[in-house]
Amino acid sequence: MSVTTILWQIPLALAGCFGGAYLGQELLGGGAIGWSVTGAIVALCCAPLFRSLMAHRARRQSR
């Protein structure tokens with residue numbers, strides 16, 4: 001896991017969390033569709049960070 005990878009994954013995850021919360025709760029009203037949209041946005045934006053952290057942990061534990 002390189003520093004460059006983390007430098008773009010963390011802001012992407014943060015932007016996805018705030019963007020998903022804004023779109024899902026403010027623009028779509030916070031109902032079932034709002035929660036679904038929020039979950040999809042957060043999942044798409046946070047997935048690269050979570051995958052790289054899990055791979056880093058697996059490499060660390062295999063030593």
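The values are calculated or read from the model by the stated rules, or taken from the named source; none is laboratory data. Everything numeric here is computed off the predicted structure, so don't read it as measured data. Backbone-built Cβ (ideal geometry, glycine too); neighbour counts: all protein chains shown. Side chains included, ligands, DNA and RNA excluded: accessible areas come from the protein's heavy atoms. Shrake-Rupley method; radii C 1.70, N 1.55, O 1.52, S 1.80 Å.
Somewhere in region 30-38, is a residue open to solvent by less than 90 Å² (accessible area, probe 1.4 Å) and within 12 Å of the chain's Cα centre (by Cα)? Yes, because at least one residue in region 30-38 is open to solvent by less than 90 Å² (accessible area, probe 1.4 Å) and within 12 Å of the chain's Cα centre (by Cα). Residues that are of a type outside the set (A, V, I, L, M) and over 14 Å from Gln9 (Cβ atoms) within region 32-63 comprise Gly34, Trp35, Ser36, Thr38, Gly39, Arg57, Arg59, Arg60, Gln61, Ser62, Arg63, listed in sequence order. Between a residue in region 40-63 that is within 14 Å of Ser2 (Cα to Cα) and in a helix (DSSP H, G or I) and any residue that is open to solvent by less than 100 Å² (accessible area, probe 1.4 Å) and of a type in the set (S, T, N, Q), which pairs come within a Cβ distance under 8 Å, given they are 6 or more apart or on different chains? If the second residue must be open to solvent by less than 100 Å² (accessible area, probe 1.4 Å) and of a type in the set (S, T, N, Q), the pairs left are Pro48/Gln9; Leu49/Gln9; Ser52/Thr5; Ser52/Gln9. Restricting attention to region 11-21, the residues that are open to solvent by 30 Å² or more (accessible area, probe 1.4 Å) and modelled with pLDDT of 90 or more add up to 6.
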